Each structure stands twice: as structure tokens, then as C-alpha cells.
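The values are calculated or read from the model by the stated rules, or taken from the named source; none is laboratory data. Everything numeric in this text was worked out from a predicted model, so none of it was measured. A quick note on method: Cβ atoms are made from the backbone with ideal geometry, for glycine too, and the neighbour counts reach across all protein chains shown.
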């Protein structure tokens, strides 16, 4: 086929075990596959030619050893996802200590930017250096970042710690998924991924309540929430170094020659510039300020450069042709949109409750209903896929219903609608993560599984980060506009409005006659965020409905008979 010849010319060699070859490729044929090409088995030592790589398919691990390896990785997944949302309830006390509530979005996105930048790179790097060393590196960086945060005495040091932890956290979540893909056949992969998603989703949803409890009940305050994560991560690193023995791809080329430095750099530049512009515009500086006016166009230039380079690179970070596949593209877009919705809810629902006088702990308790939904539907969707060999596309509808409930909330709403909304949000998001990942893995050849997994994680991380920045921009701008419309003509309004936007505690010390108008302004801001989430959820529903069904194989080599 012409497509196979073109791919070979770029040095990308699929590795599919022997099996029946179809006469023609269609939407149920693994993308970029060359089924006459056999993979190396774990006991083979032959090398690929200079510009080629050959995957080594390990013997399937079962029983206690498999679960021990996976559980070791899931510890990192759980803690990494906790760290992504722990700021949801800690942002107010941290920002108050450093005297700047406007740092809220920076505390979150400092972690998520580095997380998003490292996840797409982790697939390619662990293909070259191995899963074990990559996971040890990620554990070490995650522990170092949390240690820096726990000991920080300056807001810049705090942000540095979040960046370092984000680098490690991104690797923890993505590389653990690579491990499961390397060790478990696709037909059984749904159950394993369901359990992994429970760890990820539960950590993300428990981050808020964990942070709130530690801050409210501990004499060390918010610092203990970061420091307590360091010991288990270091233990996990030691276990990974001892247990994980998955060989990297085989090539005669040197390690450095196989790394796409230009692609990695352009991707990082794109993410940093994009998120810097979104964070500052309308929040820290006006949209007409040179900073957003410069960074956002430059991010587009960096993105175009990344796409052009990756399309021509012999061994790209992410083969862009994978993203042109209907199932892969729509699965990635579903991850992007649903992650935007979930992170917007996770960060602004607690703020909504705290603006109504609730504590950080009370705000976090409402979010606890989300992990219940994740546990039920993430694992349930995996079991269904194991039984039927097919994956459904209806999970996103639960996210749509969740956002519809949020749009009905006002300053007098009881807590139970918010609890139902978070249960449905967790249920839909957990099932979506399992379904879209399995759809991507089934759509591509075995040799591209790590890179396509990296792509889904990258879209997920970018979605979460962009979601928070968009929500922050909407919230800050609407709140500012509403406050000025209601109180702009009153004496001392400028100073008071600034204090209200920077510190929720100011709600307890408002001038006489301000309270009702201020609360209405807050509710208008939150309503704008909820409506934006609803629009994104509807787009995600359209995207997930466009995915195609692909076969979920029962063996690692994918050579079972039809």
C-alpha cells in the first residue's frame, strides 16, 4: 500500500504479530498497520536497521506480580491526580498567606502546564529509555516538587514547586498507562483501565476534600497537604526500580539521535505561550495588553511549526497522521472537551460554595459524590467491553446532564442538586476515559500505542488547563463587570471591588448595603461559567458519537483468529 510505503520512508515501523491480513483497510483496521511485519518477542535480540525501531512484545504477566506492578503505578496516579486538584480548596489560604487571590489560576496551571507539556513527550522517551527508568524519574520529580511546595516561603518558590511536581505528575499518570498496555491484552484492558481511572478520578475528586481537611484540621495548615505525599512516592519509586522490567524499542541508532528535540521544544513553547496568554488576559492584565496580544499569536505560530515538523520527522513525538484518523481524533477531542468541563467544575464549584459562606471542608465534601460515580461507571464500562468486545459512546450524556443541573443553581440552592451533578460528572468522566483510550488503542497498531496514549493524555491535560484558564477569564471578567455596574458610582468603590475580587474573606466585611449586590454579582459570574461548561459538554457529545468501533484483541500480539 502507498500509505505503508510512505510510513516506512519516515522510519516508523509498525509491529503487529502474525495473523490474517485483510485485503483492504477500513475503519476497523488498525491505523498505520503493516500486518506482515512481525514484532520481536522478549527473547529475540535482532536489531532493526539504522532508521527503524522494532518493538519488543513481552510475555504476558499474570497473577500477583501483574497486580503488584500495576498497584505500584496506581499509587503515583492517585497522588498525581490529587495534586492536580488539591489547589481547588487550598488556593484561598495559600493566596491569602502570599496576599494575592489572583494567583488562584496560576497555582493550578503552573502544575497543569508542566503536566501537559511532559505527557506527550513521555510516550516517546519511554519507548527509547524504557518504562521503568521513566517512572522512577517521574516519582523523583513529583516528590521534589511537593517538598518544595511544602517548604516554600515565597510565592515564586511555590510556583516553582508546582511546575516541578507537574513534570513528575504527568509522567506518573501516562507511563503507568503505558505499563498496563504493555502487559495486558486489549480485551482485558478495559477492566484494568477502569481501575486505573478510579485511582485517577478518585484522586482528582478527593484532592479538594483532602486539601480542605488538612488545612482546617492540621496545625501545619496547607503545607502538610504537600509534604505528606513525599514518603509514599519515594517508596513507589523504589518498588518500580525493582519490579518493572519492560524492554524499550530496539534500534541501532543512539538514544539522543532518536529524540525529536525540535518537536518537543515546539510543543512546550506552544503550550506555555497559549496558557500564559489565556491566564493573564482579562485577569492580571487587560486583553489589550501586549502580553496576551503577543503570546496568543505566537502560540499559534508554535503550534503550526509543531504540526509541520512532526509531519516530516522520521521519529516524531506524536505522529500527526494518527490524529487524522476519525476515531483517534474524536477520542482526543472528547478527552479535551470533557476535561475542560470537569476541571472547571472542580475548581469553581468549591469557590461557589465558599462564596456562600461554606468552609473549605464543606466545599470538598460535596465533590465526594464524584468518585462514587467514577467507581461505578469507569469499572463498569471496562467490564462491558471485556464481555462484549465493544465500547459504548453514551457516557458523555451524563456530563451534559450534570452541567444542566449546575446552570439551575443560585445563592439559595440546597446542596443536593450539586451532589447529584458531581455524581453524574464523575460517572460520565470515568466511563469516557476508559472508552476513549480503548478506542484509540484498538484503532492503531501495537507499535504506536504509547504515542497515541500520550496524545490522549496530552489532550486531557491541555483540556484541563485551558478549561481552568477560560473559566478564570469568564469568572473574573463577569464578576468585575457586575460589581462595577452595581457599585462603581459609590465612594471608594475601586478599592473595595479589588478587595472583593482578591479575598473571599472580604464578604464578611462589606460596607452596609453591599452584601446582596455582591452575592448577585458572584452568582452571575458562576452562571456564566456553568453555561460555558454546558456548551463544551454538548460539543463533547457530538465528538464521541463520531467514533468508530474497532476490534478489542484478546492477546498482546493481536494474532488471534477472527
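Which members of the stretch 252-263 meet the condition of being touching a helix residue (DSSP H, G or I) at 6+ places or on another chain (Cβ under 6 Å) and either modelled with pLDDT under 80 or surrounded by fewer than 20 Cβ atoms within 10 Å (Cβ to Cβ) (or both)?
Result: 255, 258, 262.
Of the numbered conditions (1) modelled with pLDDT of 85 or more; (2) touching a strand residue (DSSP E or B) at 6+ places or on another chain (Cβ under 9 Å); (3) crowded, with 22+ Cβ neighbours inside 10 Å, residue 249 fails exactly one; give the number of that condition.
Of the numbered conditions (1) modelled with pLDDT of 85 or more; (2) touching a strand residue (DSSP E or B) at 6+ places or on another chain (Cβ under 9 Å); (3) crowded, with 22+ Cβ neighbours inside 10 Å, the odd one out for residue 249 is (1).
Exactly one of these conditions fails for residue 473: (1) surrounded by fewer than 24 Cβ atoms within 10 Å (Cβ to Cβ); (2) touching a strand residue (DSSP E or B) at 6+ places or on another chain (Cβ under 7 Å); (3) under 30 Å from residue 319 (Cβ atoms). Give me its number.
The number of the failed condition is (3).
When only residues in the stretch 219-229 that are surrounded by fewer than 18 Cβ atoms within 10 Å (Cβ to Cβ) and touching a residue at least 24 places away in the same chain (Cβ under 8 Å) count, which is nearest to the chain's Cα centre (by Cα)? Please lay out each step first, then the result.
We begin by selecting, within the stretch 219-229, every residue surrounded by fewer than 18 Cβ atoms within 10 Å (Cβ to Cβ); these are 219-221, 224, 227-228.
Still in the list and also touching a residue at least 24 places away in the same chain (Cβ under 8 Å): 221, 224, 227.
Details: 221: 27, 224: 24, 227: 23 Å.
Among those that are surrounded by fewer than 18 Cβ atoms within 10 Å (Cβ to Cβ) and touching a residue at least 24 places away in the same chain (Cβ under 8 Å), it is 227.
Among the candidates 197, 215, single out the residue that is under 19 Å from the mean Cα position of the chain (by Cα) and crowded, with 24+ Cβ neighbours inside 10 Å.
Answer to the check: 197.
Within the stretch 438-445, does at least one residue satisfy the condition of being crowded, with 23+ Cβ neighbours inside 10 Å, out of contact with any helix residue (DSSP H, G or I) (no Cβ under 9 Å at 6 or more places or on another chain) and in contact (Cβ under 8 Å) with a residue 40 or more places away in the chain?
Within the stretch 438-445, one or more residues are crowded, with 23+ Cβ neighbours inside 10 Å, out of contact with any helix residue (DSSP H, G or I) (no Cβ under 9 Å at 6 or more places or on another chain) and in contact (Cβ under 8 Å) with a residue 40 or more places away in the chain.
Taking into account only those residues within the stretch 364-378 that are crowded, with 22+ Cβ neighbours inside 10 Å and over 27 Å from residue 91 (Cα atoms), which is modelled with the highest pLDDT?
The residue in question is 377.
Taking the stated definitions as given, is residue 336 assigned to a helix (DSSP H, G or I), in contact with a strand residue (DSSP E or B) (Cβ under 7 Å, 6 or more places away or on another chain) and in contact (Cβ under 8 Å) with a residue 40 or more places away in the chain?
no
Testing residue 469 on (1) closer than 19 Å to residue 95 by Cβ; (2) without any contact (Cβ under 8 Å) to a residue 24 or more places away in the chain, one condition comes back false. Which one is that?
Among (1) closer than 19 Å to residue 95 by Cβ; (2) without any contact (Cβ under 8 Å) to a residue 24 or more places away in the chain, residue 469 violates only (2).
Just checking, how many residues over the stretch 230-246 are modelled with pLDDT under 80 and under 26 Å from residue 111 (Cβ atoms)?
Going through the stretch 230-246 one residue at a time, the tally reaches 0.
Here are some residues: 482, 449, 476. Which one is modelled with pLDDT under 80 and part of a helix (DSSP H, G or I)?
After applying the criteria, what remains is 449.
Being modelled with pLDDT of 75 or more and part of a helix (DSSP H, G or I) narrows it down to one of 498, 548, so name that one. Lay out the reasoning, then the answer.
Values: 548 fails: part of a helix (DSSP H, G or I).
Testing whether each residue is modelled with pLDDT of 75 or more and part of a helix (DSSP H, G or I) leaves just 498.
What tally of residues in the stretch 504-523 results from selecting those that are under 21 Å from residue 346 (Cα atoms) and surrounded by fewer than 17 Cβ atoms within 10 Å (Cβ to Cβ)?
Going through the stretch 504-523 one residue at a time, the tally reaches 1.
If we scan the stretch 64-87, do we find a residue that is part of a helix (DSSP H, G or I), modelled with pLDDT under 80 and farther than 28 Å from residue 181 by Cβ?
Yes, because at least one residue in the stretch 64-87 is part of a helix (DSSP H, G or I), modelled with pLDDT under 80 and farther than 28 Å from residue 181 by Cβ.
Right, residue 444: in contact with a strand residue (DSSP E or B) (Cβ under 9 Å, 6 or more places away or on another chain), more than 21 Å from residue 531 (Cα to Cα) and at pLDDT below 80 or not?
Working: in contact with a strand residue (DSSP E or B) (Cβ under 9 Å, 6 or more places away or on another chain): yes; more than 21 Å from residue 531 (Cα to Cα): yes; at pLDDT below 80: yes.
Yes, satisfied.
Inspect the stretch 177-185 for any residue being part of a helix (DSSP H, G or I), modelled with pLDDT of 80 or more, within 13 Å of the chain's Cα centre (by Cα) and surrounded by 21 or more Cβ atoms within 10 Å (Cβ to Cβ) and give the result as yes or no.
There is at least one residue in the stretch 177-185 that is part of a helix (DSSP H, G or I), modelled with pLDDT of 80 or more, within 13 Å of the chain's Cα centre (by Cα) and surrounded by 21 or more Cβ atoms within 10 Å (Cβ to Cβ).
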